[in-house]
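One structure below.
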Amino acid sequence: MDCDTIWTSATLLTMTGGAAGESVVSQGLVAAKNGRIVYVGAADAAPDLTATRVIDCEGRLLTPGLIDCHTHLVHGGSRAGEWEARLAGASYEEIARAGGGIVSTMRATREASEEQLVAASLPRLEALIADGVTTVEIKSGYGLELASERRMLRATRALGERCGVTVRTTFLGAHALPPEYAGRADEYVALVTEEMLPALAAEGLIDAVDAFCEGIGFTPAQTERVFAAARALALPVKLHAEQLSNLHGAALAARYGALSADHLEYLDDDGIAAMAASGTVATLLPGAFYFTRETKLPPVQGLRDAGVPIAIATDCNPGTSPLTSLLLAMNMAATLFRMTVAECWAGTTRNAAKALGLADVGALVPGHWADIALWDVESPAELVYRMGGRPLHARYRRGI
Ligand code: NIG
Ligand code: FE
């Protein structure tokens, strides 16, 4: 078989079998050609292979590159001061209603040039990459006006090119109401749907569309207007739903065939059933749960019972989850949400790919991109179990 790169002597975690997909192959081998996988399996069952590059993995664990399917990592400024106020007793919602929160990051982001946004965001992206991430979703939503949203999305695309990581952009114009639209939320939604979204989509800057459906965000009716505008442009949708209260956002997202509904602490049984019927992924964000000291757990058992695929992401953002480790998010999902090791792996590989609408990453399968993480550990559990450390030995994106 013709190929250009072979990884030998690895323990493979293919993510292709069983309920959560966690399949281990010892003495495994992966072969790739032009960045795509052409063989995965036991070395002694492999066809004859000739390659120009042979990588001896020396028994290490080889997995799909990790996928962080929900981040807001491009932004200006920091919210450490707001966090200190929260330590002293203020709540996230109180701070938002007093003009802080997302709007304070909006101010810092509006002031930053595209180059400054790239420079400020680079260390956050590099930290994720050092955790084996090969695909990352990054949302806009701190510009809240056309020019600043465009700058965020352009900075996001530039970061992807610079760092050798697959970046998916999500337009989150309906993230918060900018102060100049105070008391005029419906007019702001018209700006989002009639001006920002069509213009930025025409510039090729948008892969998916998201909104924050919440008491401090947008109503279900306003969210639906955003979804209808996305549908008119044939763009897939996602939703921040049921994070602080139950506005039945997940069911609304499911009606629009959403790729994912995210957060979901307040999700009810009807929402679960709607997601199961539409194949919408439940993206759980344990970093935000931890950092906001949420006590209401997302309904993991209900999602499991209904067969809703569960993804796990960092939600890397300055307000509710200043987290730049997807491995730590996996540990938190296990510890805080009682997810199994297999579920944590599915959550950052194949289910995360589904949450982004990507069919050729997230598992070791012929035809997929050779996006690979090679770890200095022997078992998948080891990576979910530890907190901190630098277990990544090497990372390959599209075979390189
Ligand atoms: O995912 N919920 C809304 N959006 C973010 C928080 C953004 C912020 O506070 O800056 C989230 O939690
Ligand atoms: Fe978020």
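On the stretch given as the stretch 339-362, residues that are surrounded by 21 or more Cβ atoms within 10 Å (Cβ to Cβ), touching a helix residue (DSSP H, G or I) at 6+ places or on another chain (Cβ under 7 Å) and not polar (S, T, N, Q) total 6. Looking across the stretch 240-275, the residues that are of a type in the set (Gly, Ala, Ser) and away from ligand 1 (no atom under 16 Å from the Cβ) come down to ALA251, ALA254, GLY257, GLY271, ALA273, ALA274. Just one of the listed residues (ARG162, ARG154) is in contact with an Asp or Glu (Cβ under 7 Å, 6 or more places away or on another chain) and more than 30 Å from SER26 (Cβ to Cβ), namely ARG154. Whenever a residue of the stretch 288-314 is at positive phi, its partners that are surrounded by fewer than 20 Cβ atoms within 10 Å (Cβ to Cβ) and modelled with pLDDT of 95 or more, lying with C-beta atoms within less than 8 angstrom and at least six residues away or across chains, give the pairs GLY307/ALA276.
For the stretch 296-321, a residue qualifies if it is in a loop (DSSP other than H, G, I, E, B) and hydrophobic (A, V, I, L, M, F, W, C), and the qualifying residues are LEU297, VAL308, ALA313, CYS316.
Of the listed requirements (1) over 21 Å from ALA19 (Cα atoms); (2) within 16 Å of ligand 2 (Cβ to nearest atom), ILE312 misses just one: (1). Beta carbons closer than 9 Å, at least 6 apart along the sequence or on distinct chains, never pair a first residue in the stretch 107-133 that is within 24 Å of ARG150 (Cβ to Cβ) with a second that is of a type in the set (Phe, Trp, Tyr) and exposed (fewer than 15 other Cβ atoms within 10 Å of the Cβ). From the list LEU177, LEU200, LEU191, the lone residue that is over 19 Å from VAL281 (Cβ atoms), more than 16 Å from ligand 1 (Cβ to nearest atom), touching a helix residue (DSSP H, G or I) at 6+ places or on another chain (Cβ under 7 Å) and at pLDDT 95 or above is LEU200. Test SER278 against the criterion of being in contact (Cβ under 8 Å) with a residue 60 or more places away in the chain and away from ligand 1 (no atom under 16 Å from the Cβ), and give yes or no. No. Candidates ARG110, ARG97: the one that is within 16 Å of PRO318 (Cα to Cα) and within 16 Å of ligand 1 (Cβ to nearest atom) is ARG110. With respect to the conditions (1) outside any helix (DSSP H, G or I); (2) in contact with a Phe, Trp or Tyr (Cβ under 9 Å, 6 or more places away or on another chain); (3) surrounded by fewer than 21 Cβ atoms within 10 Å (Cβ to Cβ), LEU336 lacks only one, and its number is (1). Among strands (runs of 3 or more DSSP E) entirely within the stretch 58-160, having at least 3 residues that are within 16 Å of ligand 2 (Cβ to nearest atom), of a type in the set (S, T, N, Q) and open to solvent by less than 50 Å² (accessible area, probe 1.4 Å) singles out no element at all. So is THR320 polar (S, T, N, Q) and either surrounded by fewer than 21 Cβ atoms within 10 Å (Cβ to Cβ) or within 14 Å of ligand 1 (Cβ to nearest atom) (or both) or not? So THR320 passes the test. Within the stretch 363-385, being open to solvent by less than 50 Å² (accessible area, probe 1.4 Å), of a type in the set (Asp, Glu) and modelled with pLDDT under 95 holds for no residue. Taking the criterion of being in a loop (DSSP other than H, G, I, E, B), within 24 Å of ILE206 (Cα to Cα) and in contact with a strand residue (DSSP E or B) (Cβ under 9 Å, 6 or more places away or on another chain), the residues of the stretch 344-400 that qualify are THR348, THR349, LEU356, GLY357, LEU358, ASP360, VAL361, GLY362, HIS368, ASP371, ARG397, ARG398. When the stretch 14-49 is filtered for residues that are acidic (Asp, Glu), in a loop (DSSP other than H, G, I, E, B) and over 29 Å from the mean Cα position of the chain (by Cα), only ASP48 remains.
The values are calculated or read from the model by the stated rules, or taken from the named source; none is laboratory data. Computed from a predicted model, the values in this text were never measured in an experiment. Methodologically, a virtual Cβ is constructed for each residue, glycine included, from the backbone with ideal geometry; neighbour enumeration extends over all protein chains shown. Ligands, DNA and RNA are excluded from the accessible area calculation, which covers all protein heavy atoms including side chains. Shrake-Rupley method; radii C 1.70, N 1.55, O 1.52, S 1.80 Å.
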